[in-house]
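*Asks:* Below: one structure in C-alpha cells.
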Amino acid sequence: MVFMTDLSLNDGSFESSILQNLPVLLEQLEKLVKSAKRIRSESFQAFEDELLRKLLWLRPSVNGISAISCCENTPQLGFSKISIRNLGTTLEKDLTSPKRRTPEKRLQSWLIHQALKSGGRLKVLEDLLGGQYWFVSDEIALKTGSKKVVADMLLVRVDCEGMASLVNAELKSKRSMETFRQVISFRDALECPGLQKSWREFANVMTGKSFQWNPSEETRGIVIWPAVENLTHARANTKRKDYERLDLIGYEDSGPNAYILEIEKPVGKA
C-alpha cells in the first residue's frame, strides 16, 4: 500500500500550460463535442437497444467514436473508428477476453454498466454522496503541448437545489498519492474559463439533459481506490484536509460483477 504524504498538488505550472495552449485545447474540445453529437444523432441512436444487449456503449473522443465493452469478461475492450456505415457489422463481431486481470478496467466497466442500466445515473454514487450523479463519458484525453490531461470518468453532479457541476473521477487498483495529482490536474482544464462552456455543452449532449449549471466555475473530484480494513489507523487518509472538493471512496471486489463502495471520511470526522 502506498501512503499519502504532504503533496503540493498544484504549483501553477500545469494551469499555466493550459492557458498557453488554450486555442489548441478548445479545438480538441470542439472535436469531442462533434463526436458526441454524432453519437446522439438519430442514425446512431437506432442501434441503442442492440448496443445495450451486447453491453457496448459508444465513447466519443477527439479522433472519433469507439464502441466500448462494459462486460466483465471484456472490460474496456472495443472497436475504434466507428461510423454509421460500419456500426452494424461491428456489432456482429466478438471480443476476446484479456489474458491478464485488469482490476481498474473491470471497476470502470461496472460503473458504466450501472449508469447504462439507470438511464445514465450512477445511483451507486448517489447513495454515498447524495444528489444526482450523471455519467458523461470516460477515458477523456486532451493534449497540452508535451503534456496530456486525462480523466478516467467525467460526471455531472446535481445538488439538492438542482444546480449542476462537473466532476472528474479517477479509479485505481492501488492506493497511490499520484491519483490525487491526476484529479487536480484535470480539474485545471475543467475549471478554465475559456473551456468550461464547451465542457458543459459536451455534458449536455452526452446525457441528453439541459442542466441548470452552477454559476460558480468550481468542479468536484472523486478518487475511487481499494478500501482498507481500518480507516482509523490508515495514514493514507490523514491528509484529506488538503484536498478541497474531492470525495474519497474505497471499493471492495465482492465477486463476479459486484462491488461494495464506501465513502472514506477524514480521520476524526463523523
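The values are calculated or read from the model by the stated rules, or taken from the named source; none is laboratory data. Just so you know, these numbers come straight off a predicted model, no measurement behind them. Neighbour counts are summed over all protein chains in view; Cβ atoms, including those assigned to glycine, are modelled from backbone coordinates with ideal geometry. Surface accessibility is based on the protein's heavy atoms, side chains included, excluding ligands, DNA and RNA. Shrake-Rupley method; radii C 1.70, N 1.55, O 1.52, S 1.80 Å.
*Asks:* Counting only residues that are within 16 Å of ASN63 (Cα to Cα) and either modelled with pLDDT of 95 or more or surrounded by 15 or more Cβ atoms within 10 Å (Cβ to Cβ) (or both), how many does segment 129-150 have? Reasoning before the result, please.
*Replies:* Initially, segment 129-150 is screened for residues within 16 Å of ASN63 (Cα to Cα), giving 137-144, 148-150.
Okay, now just the ones that are also either modelled with pLDDT of 95 or more or surrounded by 15 or more Cβ atoms within 10 Å (Cβ to Cβ) (or both), so 137-140, 142, 144, 149-150.
Summing the residues that are within 16 Å of ASN63 (Cα to Cα) and either modelled with pLDDT of 95 or more or surrounded by 15 or more Cβ atoms within 10 Å (Cβ to Cβ) (or both) in segment 129-150 gives 8.
*Asks:* Which of the numbered conditions does THR232 fail, given that it passes all the others? Conditions: (1) surrounded by 19 or more Cβ atoms within 10 Å (Cβ to Cβ); (2) of a type outside the set (D, E, K, R); (3) at pLDDT below 95.
*Replies:* For THR232, the exception is condition (1).
*Asks:* In segment 67-85, what residues are surrounded by fewer than 19 Cβ atoms within 10 Å (Cβ to Cβ) and out of contact with any strand residue (DSSP E or B) (no Cβ under 9 Å at 6 or more places or on another chain)?
*Replies:* GLU72, ASN73, ILE84, ARG85
*Asks:* Among GLY64, GLY88, which is surrounded by 14 or more Cβ atoms within 10 Å (Cβ to Cβ) and at pLDDT 95 or above? Talk me through it step by step, then tell me what you get.
*Replies:* Numbers: GLY88 fails: surrounded by 14 or more Cβ atoms within 10 Å (Cβ to Cβ).
Selected residue: GLY64, the only one of GLY64, GLY88 that is surrounded by 14 or more Cβ atoms within 10 Å (Cβ to Cβ) and at pLDDT 95 or above.
*Asks:* Right, next: Note down all Cβ pairs under 8 Å where the first residue falls in segment 199-221 and is farther than 17 Å from LEU142 by Cβ, the second is among the hydroxyl-bearing types (Ser, Thr, Tyr) and part of a loop (DSSP other than H, G, I, E, B), and they're at least six residues apart or on different chains.
*Replies:* So the pair list comes out as ASN204/SER210.
*Asks:* Since PHE186 meets every condition but one in (1) in contact with a strand residue (DSSP E or B) (Cβ under 7 Å, 6 or more places away or on another chain); (2) open to solvent by 20 Å² or more (accessible area, probe 1.4 Å), which condition does it not meet?
*Replies:* (2)
Listed here are the residues, each with its yes/no results for (1) open to solvent by less than 20 Å² (accessible area, probe 1.4 Å); (2) out of contact with any Asp or Glu (no Cβ under 6 Å at 6 or more places or on another chain); (3) closer than 20 Å to LEU22 by Cβ; (4) not aromatic (Phe, Trp, Tyr).
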| residue | (1), (2), (3), (4) |
| --- | --- |
| ARG175 | yes, yes, no, yes |
| PHE180 | yes, yes, no, no |
| LEU195 | yes, yes, yes, yes |
| ASN214 | no, yes, no, yes |
| GLU217 | no, no, yes, yes |
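*Asks:* Within segment 91-126, work out how many residues are assigned to a helix (DSSP H, G or I), open to solvent by 50 Å² or more (accessible area, probe 1.4 Å) and within 16 Å of PRO256 (Cα to Cα).
*Replies:* Of segment 91-126, the ones assigned to a helix (DSSP H, G or I) are 103-117, 123-126.
Restricting the remaining residues to those that are open to solvent by 50 Å² or more (accessible area, probe 1.4 Å) gives 104-105, 116-117, 123.
Then keep just the ones that are within 16 Å of PRO256 (Cα to Cα); that gives 104-105.
Residues meeting the conditions: 2.
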